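These notes are about the structure you will find just below.
The values are calculated or read from the model by the stated rules, or taken from the named source; none is laboratory data. Keep in mind that this is a model prediction, so the values were computed, not measured. Cβ coordinates were reconstructed from backbone atoms using ideal geometry, including for glycine residues, and neighbour counts include every protein chain displayed.
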Amino acid sequence: MEKYIINGGNKLYGSVKIQSAKNAVLPILAAAVLTDGKVKILNVPPISDVKNMVKILSCLGCEAVYEGQNILIDSSKADCFEIPSALAHELRSSVFLLGSVISRFHMAKIAYPGGCDIGLRPVDLHLTGLKRLGVQITEKNGYILCKCDKLCGNEIMLDCPSVGATENIMLAAVKAEGVTVIRNAAREPEIEDLQKFLNCIGAKVSGAGSGTVRIEGVNELHGCQYQPIPDRIEAGTFLIGAAMCGGEVSVENVCPENISSLIHKLRENGCKIHINGDKIVLENHRRLASVKSIETQPYPGFPTDLQAQATALCCICNGHSIITENLFETRFKYVPELRKMGADVTVIDRNAFVRGVEKFKGATVVAHDLRGGAALVLAALAAEGRSEVLDISHIDRGYGSFEYKLRNLGADIVRVTV
Ligand code: UD1
């Protein structure tokens, strides 16, 4: 077990380079199972979710080799359609493998996926979509069993624009017979990136980024080299950190348009933000004004994955804020921890009511999930005094070299083995 020890109060200055997006890399790794060609993914982030996904690929018989920060995957000898339960429990994204494994073997067996404990996180839309493509599904003893004679394209209407369901159906449909159309598809940038990757290996996918994705089945796929998009959530986390601690930080290797909802809110707070190509520079030297409300929405709305970090910021702004979480039921688990640091927050149903305090005070707090954990680190960096953030394995799921990047900006943070 590891923890962070943080001495708060340092302003942040300098530049930070953003990693490839976790939520783009994971479905792309799953997609590598679809082809016998060699796939090289560039600049893969050193995070445990990726390491676990690579372990699952190895269990399926794929060869996955790290070459520095790149991963080379050769799935030509893949021979297993079962995803081991221990790994599926570690990683929510293991569920994406259903689409690619069923496409490859016409059989798939996977334990119900794990991941962050932020709500019910059902997979009914994934399964309904796969059924529409001709997959027979049975659920038994915590496992999902899928089989089909062949996959046939179809029209699929999603009840809500689920990111994972959209991606899973895209993966299953790439080699299906005929055309698949997904309506009410999720519009997140990572879906568009998956489309780009799939087309690089020879698929015919269009429309990603809009509410309708069209997939024309093909028979053959090949290899490719691919650079995934930058991580908008990591970028947003550093921007919020700079706003909370004060200073001047240049966040580099970003697609600013992918986090325009956050930039809009930070400007409303009073931060000075300059955008120049793939760089965003945030400057702040004073206590910020509160934003009245933040409401999480599917893209292009405010991302649920930045909700905890944004709430931490609101806690030390001047005035009141209301943060509404519309996507996941229990995504305020970090709030009692923020209260230990002096925050004045009350959660009622899906709303957090925040009364801004002057400063956080150092405390020992526990990370319960990935983004909530990152929010606690930001709070500790902005706090007066010493904090400990326990259970940081949650943070390691999504932030590569987090403390190293923060130290480069002048933060006083060390990782300690307990
Ligand atoms: C993905 C992201 C996650 C992000 C989330 C929302 C990855 C690896 N993870 O998660 O970081 O927080 O999008 O942007 O990309 N739902 C159902 N039935 C389903 C599937 C989803 O009801 O079968 C509901 C969920 O309970 C939730 C909403 O749809 O309320 C959105 O979930 P979804 O978009 O599927 O999130 P994930 O793909 O799990």
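Tell me, please, whether a residue that is hydrophobic (A, V, I, L, M, F, W, C), outside the structural domain of Arg397 (by TED's automatic domain parsing) and surrounded by 23 or more Cβ atoms within 10 Å (Cβ to Cβ) can be found in segment 62-69. Working first, answer last.
So the first thing to find is which residues in segment 62-69 are hydrophobic (A, V, I, L, M, F, W, C), and the list is 62, 64-65.
Remaining after also requiring outside the structural domain of Arg397 (by TED's automatic domain parsing): 62, 64-65.
Filter again for surrounded by 23 or more Cβ atoms within 10 Å (Cβ to Cβ), leaving none.
No, the conditions are met nowhere in segment 62-69.
How many residues are of a type outside the set (A, V, I, L, M, F, W, C), at pLDDT below 95 and either out of contact with any helix residue (DSSP H, G or I) (no Cβ under 7 Å at 6 or more places or on another chain) or within 12 Å of the ligand (Cβ to nearest atom) (or both) when one looks only at segment 83-111?
6
Look at Val39 and say whether it is touching a residue at least 12 places away in the same chain (Cβ under 8 Å) and part of a strand (DSSP E or B).
The answer is yes for Val39.
Select from segment 365-392 the residues that are surrounded by fewer than 24 Cβ atoms within 10 Å (Cβ to Cβ) and of a type outside the set (A, V, I, L, M, F, W, C) and write down the one among them that is nearest to the ligand (Cβ to nearest atom).
Asp369
Tell me which residues, restricted to segment 215-247, are touching a strand residue (DSSP E or B) at 6+ places or on another chain (Cβ under 8 Å) and surrounded by fewer than 18 Cβ atoms within 10 Å (Cβ to Cβ).
Answer for segment 215-247, where residues must be touching a strand residue (DSSP E or B) at 6+ places or on another chain (Cβ under 8 Å) and surrounded by fewer than 18 Cβ atoms within 10 Å (Cβ to Cβ): Glu216, Val218, Gln225, Gln227.
Would you mind telling me which numbered condition in (1) at pLDDT 95 or above; (2) within 16 Å of the ligand (Cβ to nearest atom); (3) under 22 Å from Glu188 (Cβ atoms) Glu155 fails?
Answer for Glu155: the failing condition is (2).
If you take just the strands (runs of 3 or more DSSP E) that sit entirely in segment 120-160, which of them hold at least 3 residues that are within 16 Å of Ser94 (Cβ to Cβ)?
In segment 120-160, 143-147 are the strands (runs of 3 or more DSSP E) which contain 3 or more residues that are within 16 Å of Ser94 (Cβ to Cβ).
Can you find a residue in segment 48-56 that is away from the ligand (no atom under 14 Å from the Cβ) and either of a type in the set (Phe, Trp, Tyr) or buried (at least 24 other Cβ atoms within 10 Å of the Cβ) (or both)?
no
If we only count helices (runs of 4 or more DSSP H) wholly inside segment 163-273, which ones have 1 or more residues that are more than 16 Å from the ligand (Cβ to nearest atom) and without any contact (Cβ under 8 Å) to a residue 40 or more places away in the chain?
It comes to 189-200, 260-269.
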